[in-house]
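Written out below as structure tokens is the structure these notes cover.
The values are calculated or read from the model by the stated rules, or taken from the named source; none is laboratory data. On a predicted model such as this, the values are computed, not experimentally measured, just so you know. Virtual Cβ from ideal backbone geometry, glycine too; neighbours counted across all protein chains shown.
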Amino acid sequence: MKISERLMRAKPSATLAVNAKAQELRAQGKEIVSLAVGEPDFQTPQHVCDAMKKAVDDGFTRYTPVPGIPELRKAVAGYYDRFYGVKATQDNVIVSNGGKHSLYNLFMALIDPGDEVLVPAPYWVSYPAMVELAEGKPVIVPTAPENDFLAQVKDLEAFTTPKTKVLILNTPSNPTGCHYPQAQLEEIANWARSKGIFIISDEVYDRLVYAPASYSTLSTFWEKYPEDVAIVGALSKSFCMTGWRVGTTLAHPDLIKAMIKIQGQSTSNVNSMAQKAALAAFEGPWDLVDEMKVAFKRRRDIAYDIITSWPGVICPKPDGAFYLFPVLNMFFDEETPDSASMCTKILEEAGVALVPGSAFGDDRCIRFSYALDDEVLKTSLEKIGKVLMKK
Ligand SMILES: Cc1ncc(COP(=O)(O)O)c(C=O)c1O
């Protein structure tokens with residue numbers, strides 16, 4: 001048996017490697033706290049669970065149309081109207097198996113072999129691998145912590161070639177939590193449009209932006225230029241529905257048709273009952289989002305204050321998602337020369353799992369997730385501080 005070259009080139013998920021090491025230590029009886037989680041620590045709202053149960057009881061258990069049931073596609077379109085005043089119809093929407101699947105389908109629909117995709121770093125772990133699986137070339141564009149790790153037009157311009165076809169943006173960002181101010185996002189979008197570069201805007205954390213920051217979306221730009229942008233959303237983070245696998249794409253009907261073709265030949269529809277649950281989520285109430293925002297903002301402050309008290313640490317203060325991405329390379333030494341070895345040391349000595357920045361394309365940094373209880377967060381960070389400062 002020979003595995004395809006395409007797959008041999010793909011890297012395994014670094015997040016999974018950290019989790020495996022943490023499991024190993026747990027199996028040895030060690031107490032491990034995970035600050036490596038990529039999901040909210042709240043429960044899926046009851047009305048969503050009830051809608052799933054009702055779908056089972058009603059026998060709503062068969063194939064549905066590939067892009068999703070019409071009422072759900074309409075609800076997704078309605079979401080963009082409700083929050084951003086953007087008018088869309090169900091023909092602009094496809095529902096896929098999580099934001100990850102939406103992104104994968106988009107890359108498959110847009111990329112020809114050799115096409116270049118601009119990927120600002122730090123990036124969400126799966127973008128480069130997805131581009132490679134579509135036989136495109138990820139072109140990594142470094143950004144600076146002093147600029148909140150946000151790409152500037154001049155950074156993108158420097159990496160653009162005649163082969164550049166797509167730019168992937170993520171706002172708010174995993175791993176940094178930073179979000180693009182709306183004006184900067186639109187400046188980039190106008191530049192990309194002038195160069196004929198298509199933008200995929202990954203907005204799966206769009207409901208998790210904390211005041212005084214306000215929204216950050218290219219859906220309003222999409223309304224003006226539907227052929228130049230696609231918006232990826234998901235219920236995973238905003239509705240604590242990571243396991244339900246519901247992601248959405250807002251795009252031009254021709255692109256939606258192309259994605260339906262891919263999805264129709266691979267996974268078909270998203271689980272029929274999860275679609276009913278997703279519909280209930282979109283219909284509301286949305287109280288949980290407000291509750292989470294209060295908790296995450298409070299935890300962001302706890303974590304930010306502790307991390308930035310460590311000497312020399314540079315860390316943008318983010319306004320979204322539930323991550324911090326400090327530059328910690330001032331603590332690297334011969335024994336721990338990079339982010340992966342530093343994470344292993346912290347895991348072994350402090351019993352706390354983190355994700356190395358190398359997984360996100362910036363080896364100076366480490367990603368901290370603060371989607372956990374305030375006290376556990378505080379004590380875990382204090383333990384990490386002791387490991388870093390012990391020299
Ligand atoms: C930036 C970003 N995009 C997409 C996804 C995928 O989301 P989903 O769980 O809906 O597939 C994640 C999940 O961690 C993410 O952080």
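Does Ala77 meet the test of being more than 16 Å from the ligand (Cβ to nearest atom) and surrounded by 22 or more Cβ atoms within 10 Å (Cβ to Cβ)? Criteria not met by Ala77. Taken across the range 7-19, residues that are of a type in the set (A, V, I, L, M, F, W, C) and at pLDDT 90 or above do not occur at all.
Among the residues of the range 18-58, write down those that are away from the ligand (no atom under 16 Å from the Cβ) and of a type in the set (A, V, I, L, M, F, W, C). Residues satisfying the conditions are Ala20, Ala22, Leu25, Ala27, Ile32, Val33, Cys49, Ala51, Met52, Ala55, Val56.
Within the range 39-68, residues that are closer than 30 Å to Tyr370 by Cβ and at pLDDT 95 or above have Cβ atoms under 8 Å from residues that are among the charged types (D, E, K, R) and surrounded by 12 or more Cβ atoms within 10 Å (Cβ to Cβ) in these pairs: Ala51/Lys276; Met52/Lys276, counting only partners at least 6 apart in sequence or on another chain. Reported count of residues in the range 282-329, each being small (Gly, Ala, Ser) and more than 30 Å from Arg73 (Cα to Cα), is 4.
When residues in the range 99-120 are screened for being under 16 Å from Thr160 (Cα atoms) and touching a Phe, Trp or Tyr at 6+ places or on another chain (Cβ under 7 Å), 2 of them pass. Residues in the range 129-138 that are in contact (Cβ under 8 Å) with a residue 40 or more places away in the chain and away from the ligand (no atom under 13 Å from the Cβ) were compared, and the one that is surrounded by the fewest Cβ atoms within 10 Å (Cβ to Cβ) is Glu135. Residues considered: Tyr323, Tyr304. Of these, the only one that is aromatic (Phe, Trp, Tyr) and touching a Leu at 6+ places or on another chain (Cβ under 9 Å) is Tyr304.
Criterion applied to Ile168, Ile188, Ile200 was being buried (at least 16 other Cβ atoms within 10 Å of the Cβ), assigned to a helix (DSSP H, G or I) and either in contact (Cβ under 8 Å) with a residue 40 or more places away in the chain or away from the ligand (no atom under 15 Å from the Cβ) (or both), and the one residue passing it is Ile188. Among the residues making up the range 241-267, those that are within 30 Å of Asp41 (Cα to Cα) and either within 11 Å of the ligand (Cβ to nearest atom) or over 21 Å from the mean Cα position of the chain (by Cα) (or both) are Met241, Thr242, Gly243, Trp244, Arg245, Val246, Gly247, Thr248, Thr267. Scanning the range 261-281 for residues being in contact with a strand residue (DSSP E or B) (Cβ under 6 Å, 6 or more places away or on another chain) and either farther than 14 Å from Asn97 by Cβ or outside the structural domain of Lys54 (by TED's automatic domain parsing) (or both) gives a total of 0.
Could you run through the range 211-237 and say how many residues are surrounded by fewer than 20 Cβ atoms within 10 Å (Cβ to Cβ) and in a loop (DSSP other than H, G, I, E, B)? So the answer is 9. Is it true that Thr248 is at pLDDT 95 or above, surrounded by fewer than 19 Cβ atoms within 10 Å (Cβ to Cβ) and touching a strand residue (DSSP E or B) at 6+ places or on another chain (Cβ under 8 Å)? Considered against the rule, which asks whether it is at pLDDT 95 or above, surrounded by fewer than 19 Cβ atoms within 10 Å (Cβ to Cβ) and touching a strand residue (DSSP E or B) at 6+ places or on another chain (Cβ under 8 Å), Thr248 comes out as no.
With respect to the stated conditions, Ser266 fails to be within 29 Å of Gly196 (Cα to Cα), outside any helix (DSSP H, G or I) and without any contact (Cβ under 8 Å) to a residue 60 or more places away in the chain.
Within the range 34-65, can you find the residues that are part of a loop (DSSP other than H, G, I, E, B) and among the β-branched types (Val, Ile, Thr)?
Selection gives Val37, Thr44, Thr61, Thr64.
Exactly one residue out of Ala277, Ala230 is farther than 21 Å from Leu106 by Cβ, in contact with a helix residue (DSSP H, G or I) (Cβ under 7 Å, 6 or more places away or on another chain) and within 16 Å of the ligand (Cβ to nearest atom): that is Ala277.
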